[in-house]
Amino acid sequence: MMSHRFAIILSGLIWMGMGIFLLHKGLQYFVVVGPQIFNKTYPGFSLISLLGLLVGTPEKGAMLLLSIGLVLGFLKGRIILKKSVQRIVGRIRSLPSPISLRQLYPKEYYFLIGGMMLLSLIFKFLPLPPDVKGWIDFTIGIALINGAMLY
């Protein structure tokens with residue numbers, strides 16, 4: 001059983017934790033594939049290499065890719081996820097105190113979380129280049145961290 005304030009903080013911490021996890025996971029993809037791309041020994045398509053052709057070097061391409069991820073993640077967190085945070089906080093405040101953990105989110109929200117976890121598993125096995133997978137995880141992680149800050 002928890003108070004409204006604690007339930008809201010807990011919800012924000014859950015988002016923050018998932019955001020940090022995805023941010024770390026995304027950066028790990030870059031760490032693994034980056035040296036191969038920078039040394040031009042990576043055998044397949046690379047988004048970093050493509051952007052590197054546009055801006056001069058693969059290192060600058062990686063910085064551009066991460067910068068785009070930061071901006072898109074920030075915008076998604078502050079614009080799109082803001083509505084979700086407001087809905088969740090409003091719902092938590094409308095619940096009678098004390099709140100049980102089961103009451104924290106509606107059933108539909110748990111289905112949404114399960115669906116996102118399933119997509120993440122499917123995403124893992126898609127034949128996408130590692131830097132693309134890393135960029136997507138990084139961007140979503142940034143969005144979740146920014147959304148968590150709104151709690």
Those residues of region 120-143 that are open to solvent by 50 Å² or more (accessible area, probe 1.4 Å), under 25 Å from S84 (Cα atoms) and free of Cβ contacts under 8 Å to residues at least 12 places away in the same chain come to a total of 2
Specify the residue that is farthest from L66 (Cα to Cα); the eligible residues are those in region 110-136 that are part of a helix (DSSP H, G or I) and in contact with a Ser or Thr (Cβ under 9 Å, 6 or more places away or on another chain). P130
Taking the options G73, G12, G44, G69, name whichever one is modelled with pLDDT under 90 and either part of a helix (DSSP H, G or I) or open to solvent by less than 80 Å² (accessible area, probe 1.4 Å) (or both). G44
How many residues are surrounded by fewer than 13 Cβ atoms within 10 Å (Cβ to Cβ) and of a type outside the set (S, T, N, Q) when one looks only at region 94-111? 9
So which of M149, M117, M63 is free of Cβ contacts under 8 Å to residues at least 40 places away in the same chain, of a type outside the set (F, W, Y) and more than 27 Å from K40 (Cβ to Cβ)? M117
Against the definition (open to solvent by less than 20 Å² (accessible area, probe 1.4 Å) and touching a strand residue (DSSP E or B) at 6+ places or on another chain (Cβ under 8 Å)), how does A62 come out, yes or no? no
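The values are calculated or read from the model by the stated rules, or taken from the named source; none is laboratory data. Not measured: the values here are computed from a predicted model. Cβ atoms come from the backbone with ideal geometry, glycine included; neighbour counts cover every protein chain shown. Side chains included, ligands, DNA and RNA excluded: accessible areas come from the protein's heavy atoms. Shrake-Rupley method; radii C 1.70, N 1.55, O 1.52, S 1.80 Å.
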